[in-house]
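Written below as structure tokens is the structure these notes are about.
The values are calculated or read from the model by the stated rules, or taken from the named source; none is laboratory data. Since we're looking at a predicted model, the values are computed, not measured. Note that we place each Cβ from the backbone using ideal geometry, even for glycine, and neighbour counts take in every protein chain shown.
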Amino acid sequence: MYLNLARKYRPKSFDEVVGQEHITKTLINAVRAGRISPAYLFFGPRGCGKTSVARILAKCLNCKDGPSPVCCCKCSSCLEIDNGSSLDVIEIDGASNRGIDQIRELREKIGYVPISGRYKVYIIDEVHMLTQEAFNALLKTLEEPPFHAIFVFATTEPYRLPKTIVSRTQGFEFRTIEKRAIKEHLLKITGLENFNIKPSAIETISKYAQGSLRDGEVILEQVALYKDAADDNDVRMVLGICKEETVFLLIDTVKNKKTKDVLSIIREMIEKGFFSAQIIRDILEKLREMIVEAVENNREIEWYIKASEVLCEAQERIKRLPDEADVILELSLVKLSQDGFLDVVHEEDVQIPKEIEIDKDSIMKVWDDILERVGEAKPTLKPVLSEAKIIDVSDGKITVSFDGKNTHRRIMEKDENKKIVEDIFYDLFNKKISFTLSSPEKIDIIEKICEIFSASEVK
């Protein structure tokens, strides 16, 4: 019977596990010391070895030569676990057995001793899919399990597990696998399977596996079936990823603000069957490479950062409006090609304007403009300020007088009115200027009365 590569080259011992040395070393030491936890929690991204390590742990515990950190992989127990027929290793899919009834059934059977091995190992995959009631039913069993029972929980979303469950387990975080490790593993499989695949194709597969060894094996098998002597472009064709040359051309066209050519390239890519969301991902990946290269060579990166920000916003819009993905892509790149990029300004190119000299004559030249602006800001203030006479302009301060018009003076003394005038001064002269009023004149009341009534003072 044919086995796909992911199953055929699934690790059968701790030594064969790729990229999880921090976990395998701990488990090897635990088995060697006989310090086995009743419950383990394996969490991390997909395709990084959680279920495989759980099976290997079960083999080490139930191997006829064990418990041993090195299983023989030849005895009946090891072979049964490998092909999934062991009655002592029960694998449960948490997504389809998530209810309290299934957990109650498990609790009833857990008391029975193992049939042929030393331990009964329960591997619950996607454990975060269990209901709250099912988790509650597990609590007592996890706290005081039978000595022959071991639980291994596997999940990609540990934050969805109740803290009461997590606290009763020994947790191991599986990490994404390095690109280098994936590449070495795929090259090994290529040699064993006699695949005629070019190194550039393996490099691209390792990149787009995104840290998942299983994904890399699946892609390798697809590419091998697609074409003999497959290269980098063949991998991109299988995965629906744009050619690197096309992506680079599109970025260069946007950078040079050739809007018409930008639209032409986008439409051609869409007509060839590339999804807009994938085009944006490919552009962002290329921009990331360009940013890294620019940093290493001490070149400007503002241009690339601005483009990345705009395209990340486009990604979020596509998630909300998937039916309008093509339109969102076109509008985003057209925006970038026209005005979306910031030109880099060098310090030596900046001309610092000379400070404007402000005196009474310069104020008088724009006085009518000042009155108009005051009228726009506050219409009732314009006729009041028009009665003012400029007395002095010095030390960043303008002093005016109202020649005894006390009502006008009281209005202009209010802070909010003075601020309106000062803001207009700042807009015109790009400089903070204080607006002040001259001291009120002292008036001889008796002399003023005599003047009004044509009288004389009698002493």
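A few notes on this one:
- Considering residues of the range 35-67 that are of a type in the set (S, T, N, Q) and over 21 Å from Gly216 (Cα atoms) only, the residue surrounded by the fewest Cβ atoms within 10 Å (Cβ to Cβ): Ser37
- Unique match (being crowded, with 16+ Cβ neighbours inside 10 Å and touching a helix residue (DSSP H, G or I) at 6+ places or on another chain (Cβ under 9 Å)) among Ser85, Ser77: Ser77
- Scan the range 137-159 for residues that are more than 13 Å from Ala58 (Cβ to Cβ), in contact (Cβ under 8 Å) with a residue 12 or more places away in the chain and not in a loop (DSSP other than H, G, I, E, B) and the total you get is 9.
- Listed by first and then second residue, the pairs linking a residue in the range 380-407 that is free of Cβ contacts under 8 Å to residues at least 24 places away in the same chain to a residue that is among the small types (Gly, Ala, Ser) and assigned to a strand (DSSP E or B), with Cβ atoms under 8 Å apart and 6 or more places separating them unless they lie on different chains, are Lys389/Ser401.
- Criterion (free of Cβ contacts under 8 Å to residues at least 60 places away in the same chain and either assigned by TED's automatic domain parsing to the domain that holds Thr141 or of a type in the set (Lys, Arg) (or both)) met by exactly one of Lys12, Lys50, Lys25: Lys25
- Number of the condition not met by Arg32 [criteria: (1) of a type in the set (D, E, K, R); (2) part of a helix (DSSP H, G or I); (3) surrounded by 14 or more Cβ atoms within 10 Å (Cβ to Cβ)]: (3)
- Identification of strands (runs of 3 or more DSSP E) wholly contained in the range 325-439 with 3 or more residues that are over 53 Å from the mean Cα position of the chain (by Cα) and at pLDDT 80 or above yields 389-394, 397-401.
- Scanning the range 63-99 for residues that are touching an Asp or Glu at 6+ places or on another chain (Cβ under 6 Å) and under 21 Å from Ile28 (Cα atoms) returns a single hit, Cys72.
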